[in-house]
Amino acid sequence: MAEEPGSPREGHEAPQADPKVLEMLVCPRTKTSLYYDAARQELISRAARLAYPIRDGVPIMLEEEARQVDEEELRALGRR
């Protein structure tokens, strides 16, 4: 069975992204700061409404790899 990209192998934890590196990153589209969602392993741009994945501890800062973030999810982020 093929593994999903970015999914940890059974019995292995996925590498964690370096928090210092994450603090330096900005959205490639808007150049605004990003919110780190540790549970989903994503960097979220509120301004662009995009969530960039983090795979094996590496942020994938490509718009074509990002998913759209809906209004409800943005509101939930505002409460965090």
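The values are calculated or read from the model by the stated rules, or taken from the named source; none is laboratory data. Every value quoted in this text rests on a predicted model; they were computed, and no experiment measured them. With ideal geometry, Cβ positions are generated from the backbone for all residues, glycine too; neighbour counts draw on all protein chains shown.
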Original post:
Residues in segment 17-64 that are acidic (Asp, Glu) and closer than 16 Å to Leu77 by Cβ: how many?
Top reply: 2
Original post:
Which ones in segment 59-76 are loosely packed, with under 13 Cβ neighbours inside 10 Å and of a type in the set (A, V, I, L, M, F, W, C)?
Top reply: Leu62, Ala76
Original post:
Do we find a residue being exposed (fewer than 15 other Cβ atoms within 10 Å of the Cβ), out of contact with any strand residue (DSSP E or B) (no Cβ under 7 Å at 6 or more places or on another chain), on the phi > 0 side of the Ramachandran plot and at pLDDT 95 or above anywhere in segment 19-39?
Top reply: yes
**OP:** Answer yes if at least one residue in segment 43-52 is in a strand (DSSP E or B), surrounded by fewer than 16 Cβ atoms within 10 Å (Cβ to Cβ) and either out of contact with any helix residue (DSSP H, G or I) (no Cβ under 7 Å at 6 or more places or on another chain) or modelled with pLDDT of 95 or more (or both), and no otherwise.
**Re:** no
**OP:** Identify all residues within segment 39-80 that are among the β-branched types (Val, Ile, Thr) and more than 17 Å from Ala17 (Cα to Cα); write none if there are none.
**Re:** Val69
